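Worksheet: one structure, shown below.
The values are calculated or read from the model by the stated rules, or taken from the named source; none is laboratory data. Computed from a prediction, not measured in an experiment: that's the story for all the values here. So basically every Cβ, Gly included, is an ideal-geometry build from the backbone, and we count neighbours across all protein chains shown.
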Amino acid sequence: MKALSFVIATAFVILAAPAHAAVEVLACEPEWAALATEIGGALVVAESATTPQQDPHYIQARPSLIAKMRRAALVICTGADLEVGWLPLLLRQAGNGAVQPGQPGNLNAADYVEMLDKPSSVDRSLGDVHPYGNPHIQTDPRNIGKVAAAVADRLAMLDGANAATYKQRYEDFAKRWQAAVERWTTAVAPLKGKQIVTHHKGWAYLENWVGLVEVGNLEPKPGLPPSAAHLAELLNQVKGKEVAVIVRSTYEDAKASEWLGTRTQIPYVVLPHTVGSVPGANDLFGMFDAMVKTLAEIKR
Amino acid sequence: MRFQRRAALAASILTACCATAHAQQVTGNAFNPAISLILNGHYASYSRNPADWALSGFMLDRDAGLPTEGLSLDETELAISANIDDKYYGFVAASIDQTGNDTSLNLEEGYIETLALPKGLKIKAGRFLSDVGYLNPIHSHAWDFDDAPLAYTAMLNGAYKDTGVQLKWVAPTKLFVELGTELMRGDAFPAAGAAHGGVGASTLFVHVGGDVGDTSSWRAGVSRLSADANERSSVFTLGTAAFTGNSDLTIADFIWKWAKNGNSRDRYYTVQAEYLHRKESGTLDVTTTAATNLGLYNGTQSGYYVQGVYQFRPRWRAGIRYDQLEASNDVAIVGPNPLSVTHDPSRVSVMSDFSNSEFSRLRLQFNRDHSSLQIDNQIVFQYLMSLGAHGAHRF
């Protein structure tokens, strides 16, 4: 008992917090960490709780994330229940009052964009559906621009001494982003009306932006892994249709895409769903450059 | 300052966002808490009479024993939780138990927790599962096996939960470090009788953890539970026994999880082990049909389990667990007592489960249970389903 008390007391002393100058940002997904870095530059240290290889639905509230949450001054997540399985638990376990919902240190990107696929009714028999709408908002570059304004606002509020810098960096980013969005929009214009099949219902915002038509999913229900029966049904469904491409993200198993692709001669691709997911997608500009390049190469 | 920040936040939300501002009808049920219900039933088959089951060298809680043989319902658990305001969170889990024709409602947990204490501090108060060990704070429906490890059954009656307060601190470091202490009423096993005017047990615990690359994460901990027992009663084959004295338990726990790229959706491995060591000393009051005997009792007992779980394809898992206990008891009593040691109990368990979605699980488990002198072969089939609010992905 005494030994344990001593260990605890010693730990308190050793672990006393060092002072940090930079604003520590914890993003739930890499795209928001990249966005915080765009706006904050050297004034922020942004980390992502997930990597491009990890499905953001299926993360556990593991110790390293609790430690990161404890230190964060700003938490940027997608929201709309994407992180419902782990974010509330992290927030409760970290003992950090500044990042609780409703505080300036808690930002949900989905609050700043128009949600698509909002179900009129929800039932778990429909799979892992999200009552607030499809949470995969980051695949439309116009949404990134909207969230950027909110991130700039928050950083200015939390780090008032550097408010002018955030404003200036945001304006610079917004100008470059606007120009890039126009360029990308022109580049994907010929794809309007093309039909696609996606692994998960994770591309609604991209489809909305480009004008793609989603004709099927490899998952039988959102969140359920592709089954042989469903794939066979999908094969029949897409036969005779002019499907341009089968799309999946880096964290999804390639097998189902390959299966359908080889049987139908439909090309199957990985699209960058976030920063760092494919070579060249080193920042948000790179992510959409890579996305547009892959889309533009689709022949059918 | 804080007020200004809030006002500024409200203003910026008004200016920056408007896409989602819908006029919604204001009704009282917009503030409904998260509600979830766990449905849990099983079929168990034992090669020996479950009434003869005992753990050699251990005095168990009077309700301890194997789950009901045949078809039965486990606890049906109703959980309700929500943020109470910006400073507090509340959680209640009640279980409905059906045994024979008797239905009982039990408060599993019912606590409040602070959300906004400074410096990584947090206070929890009410009735809750103690944070000692790794498995103790985890509700049984989230365990990887149908039953608790033998060491948990022997020394914590499955899990220690009691009424009390907890203070916890998370360090502002890269390595996860969490320190905590609890003061408990001391009503539940291994405490009993709410000694010391109703502050009969206390705990201390330290957890550390982190990641190794993108693929692995781990947590290790040391905990101490000091409990005073006041007439803690126990049943054994020849009668009843009551223990008065102190029970000091130390737990060391470790868990390691691996998944390719850290993406646990498709495949992952988990290795988990805990070691429990207990010293008990006091007096024992044994009542048999023949006589009542009183005497001194000093015991040193320990146990551990090691388990591995492998999700070998999406939705399918398999696991293996080994349990071992050992007791050295010094009982100065004439006649029989529940603490005599016939052998060191051990058990091997294997299980496989299938989860159609995150919300449902079917499990088949086999135990070769050497708790009693004779080996018992046990087969359990179990369903665990949750409806309502999305469950938490605990580490």
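Brief remarks on what is shown
- Taking (1) under 16 Å from the mean Cα position of the chain (by Cα); (2) surrounded by fewer than 20 Cβ atoms within 10 Å (Cβ to Cβ) in turn, A:Ala187 satisfies each apart from (1).
- Number of positions in segment A:88-120 that are facing another protein chain (nearest Cβ under 7 Å), among the small types (Gly, Ala, Ser) and surrounded by 21 or more Cβ atoms within 10 Å (Cβ to Cβ): 2
- Residues of segment A:181-213 classified as closer than 24 Å to A:Pro226 by Cβ and among the acidic types (Asp, Glu), total: 1
- Consider segment A:75-87 and keep the residues that are out of contact with any Leu (no Cβ under 9 Å at 6 or more places or on another chain) and more than 7 Å from every other protein chain (Cβ to nearest Cβ). The one that is surrounded by the most Cβ atoms within 10 Å (Cβ to Cβ) is A:Leu87.
- Scope segment B:220-256; condition of a type in the set (Val, Ile, Thr), farther than 18 Å from B:Val306 by Cα and in contact with a Lys or Arg (Cβ under 9 Å, 6 or more places away or on another chain); matching residues: B:Val235, B:Thr240, B:Thr244
- Residue tally, condition under 15 Å from the mean Cα position of the chain (by Cα) and more than 9 Å from chain B (Cβ to nearest Cβ), over segment A:38-51: 4
- If only residues of segment B:129-147 that are more than 19 Å from B:Ala191 (Cα to Cα) and hydrophobic (A, V, I, L, M, F, W, C) are counted, the one that is nearest to the chain's Cα centre (by Cα) is B:Ile138.
- Residues satisfying the stated conditions in segment A:265-289, i.e. in contact with a strand residue (DSSP E or B) (Cβ under 8 Å, 6 or more places away or on another chain) and either free of Cβ contacts under 8 Å to residues at least 12 places away in the same chain or under 15 Å from A:Asn217 (Cβ atoms) (or both): A:Ile266, A:Tyr268, A:Leu271
- Verdict on B:Ser223 being within 11 Å of another protein chain (Cβ to nearest Cβ), within 18 Å of B:Ile255 (Cβ to Cβ), surrounded by 24 or more Cβ atoms within 10 Å (Cβ to Cβ) and at pLDDT 95 or above: yes
- Residue within segment A:145-155 that is part of a helix (DSSP H, G or I), under 19 Å from A:Ala46 (Cα atoms) and in contact with a Pro (Cβ under 7 Å, 6 or more places away or on another chain) present: yes
- A single member of B:Gly197, B:Gly193 is farther than 30 Å from B:Val271 by Cβ and free of Cβ contacts under 8 Å to residues at least 12 places away in the same chain, and it is B:Gly197.
- Leading residue by the ranking (farthest from B:Ser217 (Cα to Cα)) among those in segment B:164-185 that are of a type in the set (S, T, N, Q) and within 11 Å of chain A (Cβ to nearest Cβ): B:Thr181
- Residue match in segment B:320-333 (condition: surrounded by 14 or more Cβ atoms within 10 Å (Cβ to Cβ), touching a residue at least 60 places away in the same chain (Cβ under 8 Å), within 19 Å of B:Gly57 (Cβ to Cβ) and over 24 Å from the mean Cα position of the chain (by Cα)): yes
- Identity of the residue in segment A:134-151, facing chain B (nearest Cβ under 9 Å) and small (Gly, Ala, Ser), that ends up surrounded by the most Cβ atoms within 10 Å (Cβ to Cβ): A:Ala150
- Condition met for B:Gln378 (surrounded by 20 or more Cβ atoms within 10 Å (Cβ to Cβ), over 21 Å from the mean Cα position of the chain (by Cα), in contact (Cβ under 8 Å) with a residue 40 or more places away in the chain and more than 28 Å from B:Glu69 (Cβ to Cβ)): no
- Restricting segment B:237-273 to residues that are more than 16 Å from B:Leu294 (Cα to Cα) and more than 14 Å from chain A (Cβ to nearest Cβ) leaves a set whose member that is surrounded by the most Cβ atoms within 10 Å (Cβ to Cβ) is B:Ala273.
- A:Tyr166 satisfies every condition listed in (1) farther than 24 Å from A:Pro222 by Cα; (2) in contact (Cβ under 8 Å) with a residue 24 or more places away in the chain; (3) assigned to a loop (DSSP other than H, G, I, E, B) except (3).
- Among the residues making up segment B:111-141, a single one is without any contact (Cβ under 8 Å) to a residue 40 or more places away in the chain and of a type in the set (Asp, Glu): B:Glu113.
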